[in-house]
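Enquirer: Below is one structure. I have some questions about it.
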Amino acid sequence: MENTKGDMVDTAHKDISGNPSTPARGAKDLNDRSNGEPLRVLSEADWDFWRHNGYIVIKNAISRKQAQKTADFLWEFDEKDPDDPKTWYAPPRAEMKMKELTGTGMVEVYNHQLLWDNRQTQRVYDAFVDVWGTDKLWVTIDRANLNFPLPPGSDKKGFIHWDYDPESRPQNVQGVLALNDQVDGNMGGFQCIPWLYRNYDTWKQGQPFDRNRFHPDISGLEDKIVKVGMEAGDLLIFNSTQPHGIRPNRSKDKVRIAQYISMMPAEEDNEGLRNWRVKSWKNRIAPQGYAFPGDPRNWEQTKYKRAELSELGQRLLGSRPW
């Protein structure tokens, strides 16, 4: 296998949780509709909701059948049985430097065919075209999640954070694809605080200057946390200035299953990053970053074939220019 260390030139993710397979900050601003292009997926009501709340759910971004196939694969890859809860609580295979993600069910798989099939689905791509206002995009090379019910005696709290310092005003979005129904608010899943997204500048005036820029003190804001319900195949896109996190799964036997997908404007002149992305797909390797420990078994390289990409998939990767 080729040596991939040192190939990534964007080191801004070294000590933060943002995904390093794309630049830390977008090269262009998010869509303001000034280009006059019609929306492809979002309705006008969706657009207004997105602008006001900092997130939007795109229904049926992939089919339920495609979502189920991906979910079945994640159970296989993580060596867990959906019908046997005794298999759900094996110790983590690798240490998570981002400690709040420990025990949240991250599945360290990045380049499997089914993950790429979802990334190169036209409706998924078109939704990101809407929020960016350009069709020249790269997709993040990211992982998936099996969020299990808390074991008896556990009182793990949910968390709220930013992946990027909101003071830097990141022009970025992130996304989560639901691979099963997640309408039960007790079963874990995505949570956020749209009120804080809208009122950040006012809120920060009452916060200490030396506050943690990535983990807000949400005392008094608990009633403003929104638990976003989703159905299998739905795609949630949220602004990176949206405070968000994974809520604890307090259900009895329901498992939240998801894939993380986002897109950003392609930076085809960033040769180091483009080359790393292609090698990541070619060699089935994980991003190197604060929140990405990878799979010490190296199963992607030893058990699974390289993903086949459509023409759209090649452009989203960067192996074919826009």
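Enquirer: Based on what the data block shows, is GLY189 within 20 Å of MET230 (Cα to Cα), in a strand (DSSP E or B) and either modelled with pLDDT of 95 or more or not charged (D, E, K, R) (or both)?
Expert: yes
Enquirer: Select, from VAL124, VAL109, the only residue that is open to solvent by less than 30 Å² (accessible area, probe 1.4 Å) and assigned to a loop (DSSP other than H, G, I, E, B).
Expert: VAL109
Enquirer: Can you tell me which residue among LEU273, LEU312, LEU316 is at pLDDT below 95 and either of a type in the set (A, V, I, L, M, F, W, C) or not in a helix (DSSP H, G or I) (or both)?
Expert: Matching residue, one of LEU273, LEU312, LEU316: LEU273.
Enquirer: Could you list all residues from region 284-300 that are touching a helix residue (DSSP H, G or I) at 6+ places or on another chain (Cβ under 7 Å) and open to solvent by 30 Å² or more (accessible area, probe 1.4 Å)?
Expert: Those that are touching a helix residue (DSSP H, G or I) at 6+ places or on another chain (Cβ under 7 Å) and open to solvent by 30 Å² or more (accessible area, probe 1.4 Å): ARG284, TRP299.
Enquirer: Another question, if that's okay. What single numbered condition from (1) in a loop (DSSP other than H, G, I, E, B); (2) modelled with pLDDT of 95 or more fails to hold for PRO296?
Expert: Condition (2) is where PRO296 drops out.
Enquirer: Next question. From the list LYS69, LYS59, LYS65, LYS86, exactly one residue is open to solvent by 70 Å² or more (accessible area, probe 1.4 Å), charged (D, E, K, R) and either under 17 Å from the mean Cα position of the chain (by Cα) or closer than 18 Å to VAL183 by Cβ (or both). Which is it?
Expert: LYS59
Enquirer: Determine which member of the set LYS136, LYS157 is open to solvent by 40 Å² or more (accessible area, probe 1.4 Å), touching a strand residue (DSSP E or B) at 6+ places or on another chain (Cβ under 9 Å) and at pLDDT below 90.
Expert: Going through LYS136, LYS157 in turn, the sole match is LYS157.
Enquirer: State yes or no: is LEU115 crowded, with 18+ Cβ neighbours inside 10 Å, at pLDDT 95 or above and part of a helix (DSSP H, G or I)?
Expert: Yes, satisfied.
Enquirer: When region 268-310 is examined, which residues are found to be of a type in the set (S, T, N, Q) and without any contact (Cβ under 8 Å) to a residue 40 or more places away in the chain?
Expert: ASN298, THR302, listed by residue number.
The values are calculated or read from the model by the stated rules, or taken from the named source; none is laboratory data. Remember, it's a predicted structure, so these values are computed and weren't measured experimentally. Don't worry about glycine lacking a Cβ; one is built from the backbone with ideal geometry, like all the others, and counts go over all protein chains shown. In case anyone asks, the SASA skips ligands and DNA or RNA and just uses the protein heavy atoms, side chains included. Shrake-Rupley method; radii C 1.70, N 1.55, O 1.52, S 1.80 Å.
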